[in-house]
Structure formats: structure tokens, C-alpha cells
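Below is one structure; the comments refer to it alone.
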Amino acid sequence: MDLTIYLVVMSALLLLRVPVAFAMIAASMLYFYTNGNSAGLAIRSVVDGINSFPLLAVPLFIFVGAIANHLGIAARLFDFALASLPRLRGNLAYVNLGTSVGFSWISGSALADAAALSKVQVPQMIRQGYPYGFAAGLSASGSLLSTIMPPSIPAVLFAATASISTGALFAGSILPAMLMTFGLALYIFLWARKREGMEGSPFDGKAFRAATVRVIGPLFTPVIILGGIIGGIFTPTEGAGVAAAYMIVLGAIYRTLSLKVLIQSAKETVVVTGGILLILGAANLMGQVLAREQVSRVLGQWLTGLTDNPIVFLLVLNVILLLIGTFLEAPPVILVLVPVLMPIAAQFGIDPVHLGVVMILNLMIGSLSPPVGAVLFVVGSITRQPMGVVFRGVLPFLIPLVSVLLLLTVFPQIVTIVPDLLGL
């Protein structure tokens, strides 16, 4: 069985709507069987794919996002942003974006962000006269900040797969996330100034003080995580554990923690983590197939024959990743392609942290597009609208997101300057 037949088999399974992990495992097992390898070798590859200490951070960060959602942290962030930005024209749109920024420092997952914040923000904006498409599109686009801004679960997966520093990748993601925020804010400004009825309300000092007190606790979460990791106090896995414990303490202080909340958060964590671990094992098995077929060498020869310019290479990679991201979610793509792309990127002299941020942003922009569109599906399910309606609302927001992607591609210093300054 050669690589072409292998890819045809896996593509056929995906078209039949077989879950990605099972499609990868089935096609890979068939490859191993037809090439005279034992099933034991394939099983060991699956186990090796999840036998990694840094990956322990993934379920812990998922738990942090889940319990923060159930503890009402999103509502606290929303109230604080609303009290802080009352006079701005189109203020609820800025509040939506500001809440996404705040929650992104906690959750690490675009789906968790989209689920938690769409419940609060979209209905509020619609009641204030904002079109559904704009409100849903902004919520979906803003949720991508959670996968760029640390602690990002895709960044943890990339760092573990590429064997690079998670702290360096977290640090390199900060400026790109800020640029994304600025780009989305600029679009809000241009959109709001052309419309009537978008005036803000007078500033309420009492409401601002009350909202500030309510949000102080959650805002310490990123300080604990990033400060500890970048400062070398603890590893990303230990940082995730500390953040989870801190969330439980906050819940006890706010009296929103209960046995039901803990059980529900644990259930969500187990379900999501189980899916990710299955994909991790399947991706490692698929990686064995690609290694045997020398895909890295063949692809590297093709790309180096196409160009010797690293920017052109990254632009070509952008197109490929955007297309892949519309059909597959980020974790399996990262786990399969990173071992292939790392040696090729090294030939072009591309910093692995730069490659990581560009790759993650590409795949997350792809997640805003059908047919998979996981973020679109979450927002549409919560607001009870079809995915197509949400996608039409997202379309204008793709302009600032893709613009930031191009900036990161052409100017790698945007990514590398913070890790370099911190000596990471």
C-alpha cells in the first residue's frame, strides 16, 4: 500500500463523516497491515503519541476554562468591560471584544470562549439594536484570541510536538494577539461610525467600581500562569495545575462553587480531553506512515525547488494551512504536520516560534469557515441559527484577521521580539 492509496482511503472515510481520529487510525492500520507490519507496532505508536509529560497541561487548561465558564467569570468580565467603555460609539461591540480578550487569558480554547461568551454577549447586542450577523461574527472572531493569547491549548500541543519551549511560544503569541485585537477594534470603529443609534451611555462611577472589585480575582489568573511559566517558577503543566486550583479557590470565595459545578466541569474536561488524546495517538500513528513514506524529504525538495525565499515559503504554507483548516480542526493538523514542517522550516531559517504562531493562526482562521467550522457551529448552536448565517456574519471580520496573518508572515520580529527580550 503506497501513500496515494493511504490518502485516498483516509479521505474516503472523512467524506463518509467518520470521526477524524478513527479515519486516521483505520487508514494507518490498513497501511501497516498491507506492508507486513504487526498490529503491536501500530498500537505502540498510538500509546507513544499520548505518553508525554508536557501534554498533561492540556486537560488542566481545559478544566480551567470549563470551571471558569460555570463560575460566571465570563459575566464578571462582561460587566467590567461594559462599565469601562460606556461612552464609546458602538460600545457593546467593544465590550464584546474586551470580554473575549479577558477570557482568552483564562480558557486557552476558542470553543470554550465562543460557548461561554455567546450566551452573554449576542443576546445583549441584539436587544440594543445590533444586527445578529455582526454580533455573532464578532463573537466568533473574538473567540480566536483564546487560541493565540496564552495559555493557548494549540500552543501547548505545538510546543510539545516541536520540542520547543512552551514559555517562548506563549511569549511570542502576546503581540500577535494584541494586533488581532487592534484589527478587530478598528473594524468595529469603521462599522459603528456609519450607523445611527450606536451611541454609548454616560459613565457610572459606582458601577465601574463595583465591576472592578468583582473582576480583580479572575484577572490574576493570567498573572499566575504567565508569570510563573515565563519567570521559571513552574512548568506549563504545573502552571495549569496552579491555575485550576486558583479557580476552585475563586469559586469558593464567590460562593458559586458547588459539587454540581465541579462534576459538570470534570465531565466536560474528560470528554474534551478524551477526544484530544485519541487524536494525539492517531496523529502519531499517521506520523509514522508519513515518516516511512519520507513525506518530509519529498515536500522539502518540492518547496526548496519552488523558492529559496522564506517569506514566499510561508505565503504558500498560509494558503495550504487555510485550506486544510477549513476541513480539519487544529489539533490533528498540528500533530501530523509539525514533524513534517519543522525540518523544512529549518532549511529556510524560520524560527520555530514564528512558525508556531503563524500555523496556529492559519488553522484557527480556517475554523471560521465551512464545512467544518467548529467555532461557527458552537455560536450557531447557542444562538439557534444555522452555520451559514453565522459565517456570513464572520466574513467581514476575516479582513482584519487575514491582514494580521500577513503582517506576521512578512515581519517575524512581531513574534520573536518578546521571547528574545525575555531570553526565552
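Quick look at the numbers
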| item | result |
| --- | --- |
| With all protein chains modelled, accessible area of Leu315 [1.4 Å, Å²] | 70 |
| Heavy-atom accessible area order for Arg89, Arg209, largest first, 1.4 Å probe | Arg209, Arg89 |
| In Å², nearest 10: area of Ile311 left accessible to a 1.4 Å probe | 60 |
| Reachable aspartates and glutamates, given that their alpha-carbon falls under 18 Å from the alpha-carbon of Lys206 and they are not under 8 places away in the same chain | Asp79 |
| Charged-residue dipole, Cβ positions (Lys, Arg, Asp, Glu), segment 239-314 about Cα centre, Debye nearest 20 | 340 |
| Efficiency of FRET from Cβ geometry, Leu186 and Asp48, R₀ 35 Å, rounded to 0.05 | 0.15 |
| Relative contact order of the chain, pairs being alpha-carbon contacts under 8 Å that are 6 or more residues apart, as % | 26 |
| Most mobile of Ser152, Ser258, Ser109 in a GNM of the chain (Cα contacts under 10 Å) | Ser258 |
| Where the Cα pairs of segment 87-177 fall when distances are cut into 5 Å bins, in % | 3, 16, 23, 19, 14, 11, 7, 4, 2, 0 |
| GNM flexibility winner over the chain from Leu299, Leu184, Leu144 (Cα, springs under 10 Å) | Leu299 |
| Counted charge near Ala136, where neighbours are those whose Cβ lies closer than 15 Å (Asp, Glu -1; Lys, Arg +1) | +3 |
| Selected from Met359, Met180, Met29 as most flexible by GNM, with the chain as the system and alpha-carbon contacts under 10 Å | Met29 |
| Solvent exposure of the chain as accessible area per residue, Å², 1.4 Å probe | 43 |
| Within segment 87-117: backbone nitrogen closer than 18 Å to the Gln128 label point (7 Å, Cα to C-beta) | 87-103, 117 |
| Carbon/sulfur fraction of accessible area - segment 318-424, other protein chains in place, 1.4 Å, % | 72 |
| Net length gained if the chain between Val18 and Arg193 were fully extended (0.36 nm per residue, minus Cα distance) | 58.3 nm |
| Kirkwood Rh and Cα Rg combined as Rg over Rh, evaluated for the chain | 0.97 |
| Overall form of segment 229-270 per C-alpha gyration tensor (a/c, 1.5; a/b vs b/c) | oblate |
| Cα-projected label distance for Ala26 with Phe234, points at 7 Å along beta-carbon direction, nm | 4.2 |
| Percent accessible area from carbon and sulfur atoms, segment 166-259, protein chains only, probe 1.4 Å | 70 |
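The values are calculated or read from the model by the stated rules, or taken from the named source; none is laboratory data. On a predicted model such as this, the values are computed, not experimentally measured, just so you know. We place every Cβ from the backbone using ideal geometry, glycine too, and count neighbours over all the protein chains shown. SASA here: full protein model, heavy atoms, side chains in, ligands and nucleic acids out. Shrake-Rupley method; radii C 1.70, N 1.55, O 1.52, S 1.80 Å.
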